[in-house]
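Heads up, the thing below is written out as structure tokens.
The values are calculated or read from the model by the stated rules, or taken from the named source; none is laboratory data. Predicted, not measured: the structure shown is a model, and the values here were computed from it. Don't worry about glycine lacking a Cβ; one is built from the backbone with ideal geometry, like all the others, and counts go over all protein chains shown. What goes into the accessible areas is simple: the full protein's heavy atoms, side chains included, and nothing from ligands, DNA or RNA. Shrake-Rupley method; radii C 1.70, N 1.55, O 1.52, S 1.80 Å.
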Amino acid sequence: MAVKAGGIADAADWVFPDVVTAFGNGTNSVTATAWAVLPTTTCSASVVNAHPTDTLLCLVSYGAWMSSTVGSSLRVGVDVSGAVTIAPGVGGGAAAGWGEIPATTYEQTSSQHQATITVECPPGTTTFAIWAYRAAASGTHAVNYPTLRIVPLRYLP
């Protein structure tokens, strides 16, 4: 929509970003016992909020095939950087609680885990990356075929 001369520009006048997706087509043996980027097949995507002042509310879905050979937990989260910084895990403006962090805590060959959060992206470029960690150093833990889907919902004035 064009703004007429002398008109006041608002969020409705800005081009809305497209949905952004990313995937890591491979496997990751997770050895980190603290949050860390996936070691082999990473998965990251960026969204650009071109509005000069308004924040862009985005729905962020992420998931992966996860497996563990022991009963210790394996978790997957999203690291957010750029126009806003949010560490993976609970709080900070992304996951409201551990129920929004995909985890496996029992022995299994592989199962799909997914979560959805919302993130407020200020003007600029915001990058999302899948991170993971395991609670114990023993056993084999894997996060395979990670995916991200970022869906811009609306501008927040």
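Annotations for the structure displayed:
- Note on region 7-157: dipole from Cβ charges, positive end direction compared against Ala115, Val20, Val76; the farthest Cα belongs to Val76.
- Overall, the accessible surface of the chain at a probe of 1.4 angstrom is composed of carbon and sulfur to the extent of 56 percent.
- Entry comment: accessible area of the chain is 49 Å² per residue, from protein heavy atoms only and a probe of 1.4 Å.
- Charge dipole of the chain (Cα centre as origin; +1 on each Lys and Arg Cβ, -1 on each Asp and Glu Cβ, all else neutral): 220 debye, rounded to the nearest 20.
- Fully extending the segment from Phe23 to Gln114, taken as 0.36 nm per residue of separation minus the present Cα-Cα distance, adds 31.4 nm.
- Region 140-157-region 64-108 distance, computed between alpha-carbon centres (Å): 12
- Among the listed options (i) 47, 37, 34; (ii) 66, 28, 20; (iii) 62, 40, 27, the one matching Cα extents along the principal axes in Å as calculated from these coordinates is (ii).
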